[in-house]
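J.: Take a look at the following structure, please.
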Amino acid sequence: MTFSVTTMGCKVNSCESAAIIDGMLSAGYEQATDENNADIYIINSCAVTGMSVKKARQALSRCKANNADCITVLCGCFPQAYAEDAALTESDIIIGNGSKADIPFLVGEYLKNPVRRMFVNPLSREFDERASGTDLDRTRAFIKIEDGCDRFCTYCIIPTARGRVRSRPLSEITRQAMIAAESGHREIVLTGINLSCYGQDLGLTLGDAVKAADVDGIDRIRLGSLEPDMMTDSEIEKLKSCKKLCPHFHLSLQSGSDRILALMRRRYDTALYKEVVQKLRTAFPDCSITTDIMVGFVGETEDDFLQSMSFAEEIGFAKIHVFPYSIRKGTIAAMRSEQVVPHVKTDRAKRMTALSKQLEERFLASQIGTEHTVLIERPKSDEYSSGFTGSYIPIRIYNTSLSRHSLVRVRVTDSFADHCTAVLI
């Protein structure tokens, strides 16, 4: 029988989908060459926004439309966070985050006795190696090193969907990095639900994980999203000592208004955030700083929003991921009455996105004349080779045909809205 896996949401889900695929193949199933034509559809869902849940529902409907006799498996954050809602979907098997590794077995049991089943159980306090593969399907290999979050920001359902912080042992990080190197990858990305909290259950820190990933064959190590308050002086020094670390820091902001940060229950204010950015730029002079900014949070006024705009411009982000606040049932913010109306959220998202584009263009223009090492990606055009610098600048090198995974030295010659051009040195 053939199967297809649809991955939604974060890179952690991508790593877990890789483990699901390996498990299904080992159990004797065949991965469908056409994801729209399979006997078994597995939807690895996200629940971070209302739109994420809507997309999971739509994906399930498409599966049944493509093949009325197919078996549908809904797994991940949607059923873990909202089991009652998940039970109303067109799913034959419903599985929470704690049972993803059991999907091949549970599919086999369903084939023997096709009765609709639901497996949503409390999450373990131990890191689940069985459900944590390495996503090798990209030029950069993604390694999940942490799961869960203990922070309970007032807008976020993730602690409910993912449980408490649990970290991958250093020996396993090293082993996964070696697997990535053996498969031909030269860059790995360490990822987690709350990556900065790596090791707090093991007496370690993120810097220890970076050092564990430093193996022969891997030339670059990149980090996922980081929490500003976890970037202490000692942690920055530890990261600075890791020579393969890419100088790109995605430092989550969420809001540039101290009042809104307090309502969100974030553990920093704009003064601390700015101080951390300055320290990172001192330790890594060529680094780029990117971020997430939420607009339209509960109670956000126009003045709060303008403070976010002003702070973003002051920091000078290389890029901003902008998204409107989404009400998540079961969170503190969802129970508050001062909800921002949808059209105001949409307007603020457009304005912040426009600022993000301006800042990105400004950052890219500042790179003209600088020299970088670029990791070449899978070919996208016959006219040029493309890739990313260590600071995550998208580069195009025209009139060349360079092999994927190669590292080349370039000089930036020009900048455009979303990339730079360069020549080989």
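J.: Inspect all residues belonging to the range 234-249 and state whether any of them is assigned to a helix (DSSP H, G or I) and touching a Lys or Arg at 6+ places or on another chain (Cβ under 7 Å).
T.: Scanning the range 234-249 turns up at least one residue that is assigned to a helix (DSSP H, G or I) and touching a Lys or Arg at 6+ places or on another chain (Cβ under 7 Å).
J.: Another question, if that's okay. Please go through the range 314-325 and give me each residue that is surrounded by 18 or more Cβ atoms within 10 Å (Cβ to Cβ) and either over 21 Å from the mean Cα position of the chain (by Cα) or among the β-branched types (Val, Ile, Thr) (or both), ordered by number.
T.: ILE315, ILE320, VAL322
J.: Could you count how many residues in the range 340-360 are under 22 Å from CYS46 (Cβ atoms) and touching a Gly at 6+ places or on another chain (Cβ under 9 Å)?
T.: Residues in the range 340-360 being under 22 Å from CYS46 (Cβ atoms) and touching a Gly at 6+ places or on another chain (Cβ under 9 Å): 4 in total.
J.: Please give the number of the condition THR413 fails out of (1) surrounded by fewer than 18 Cβ atoms within 10 Å (Cβ to Cβ); (2) within 25 Å of HIS250 (Cβ to Cβ); (3) outside the structural domain of ARG220 (by TED's automatic domain parsing); (4) not charged (D, E, K, R).
T.: It is condition (2) that THR413 fails.
J.: With respect to ARG116, determine if the residue is basic (Lys, Arg), surrounded by fewer than 16 Cβ atoms within 10 Å (Cβ to Cβ) and closer than 21 Å to GLU16 by Cα.
T.: The answer is no for ARG116.
J.: Consider the range 339-351. How many of its residues are of a type in the set (S, T, N, Q) and part of a helix (DSSP H, G or I)?
T.: Final tally of qualifying residues: 1.
J.: Here's another thing I want to ask about it. So which residues in the range 192-232 are in contact (Cβ under 8 Å) with a residue 40 or more places away in the chain, hydroxyl-bearing (Ser, Thr, Tyr) and buried (at least 22 other Cβ atoms within 10 Å of the Cβ)?
T.: TYR198
J.: Looking at GLY148, GLY184, GLY192, which one is among the small types (Gly, Ala, Ser) and under 25 Å from ILE289 (Cβ atoms)?
T.: Checking each option against the conditions leaves just GLY192.
J.: Of the residues PHE78, PHE152, PHE127, which single one is assigned to a loop (DSSP other than H, G, I, E, B), of a type outside the set (Asp, Glu) and crowded, with 20+ Cβ neighbours inside 10 Å?
T.: Among PHE78, PHE152, PHE127, only PHE127 is assigned to a loop (DSSP other than H, G, I, E, B), of a type outside the set (Asp, Glu) and crowded, with 20+ Cβ neighbours inside 10 Å.
J.: Which residues, counting only those in the range 156-194, are assigned to a helix (DSSP H, G or I), under 22 Å from CYS75 (Cα atoms) and not basic (Lys, Arg)?
T.: Correct list: ILE158, PRO159, THR160, ALA161.
J.: How about the range 250-338: which helices (runs of 4 or more DSSP H) wholly inside it have at least 3 residues that are at negative phi and among the polar types (S, T, N, Q)?
T.: So the answer is 270-283, 302-315.
J.: Taking the criterion of being touching a Lys or Arg at 6+ places or on another chain (Cβ under 6 Å), surrounded by fewer than 23 Cβ atoms within 10 Å (Cβ to Cβ) and either among the hydrophobic types (A, V, I, L, M, F, W, C) or closer than 21 Å to LYS211 by Cβ (or both), would at least one residue in the range 303-313 satisfy it?
T.: No: zero hits.
J.: Let me ask another. Look through SER356, SER337, SER381 and report the one residue that is crowded, with 19+ Cβ neighbours inside 10 Å and polar (S, T, N, Q).
T.: It is SER356.
J.: Checking the conditions here, which among VAL53, VAL48 is assigned to a loop (DSSP other than H, G, I, E, B) and within 20 Å of the chain's Cα centre (by Cα)?
T.: Sole residue among the options that is assigned to a loop (DSSP other than H, G, I, E, B) and within 20 Å of the chain's Cα centre (by Cα): VAL48.
The values are calculated or read from the model by the stated rules, or taken from the named source; none is laboratory data. Values in this document were obtained by computation on a predicted structure and should not be read as measured data. Here the Cβ is made from the backbone with ideal geometry for all residues, glycine too, and neighbour counts use every protein chain on show.
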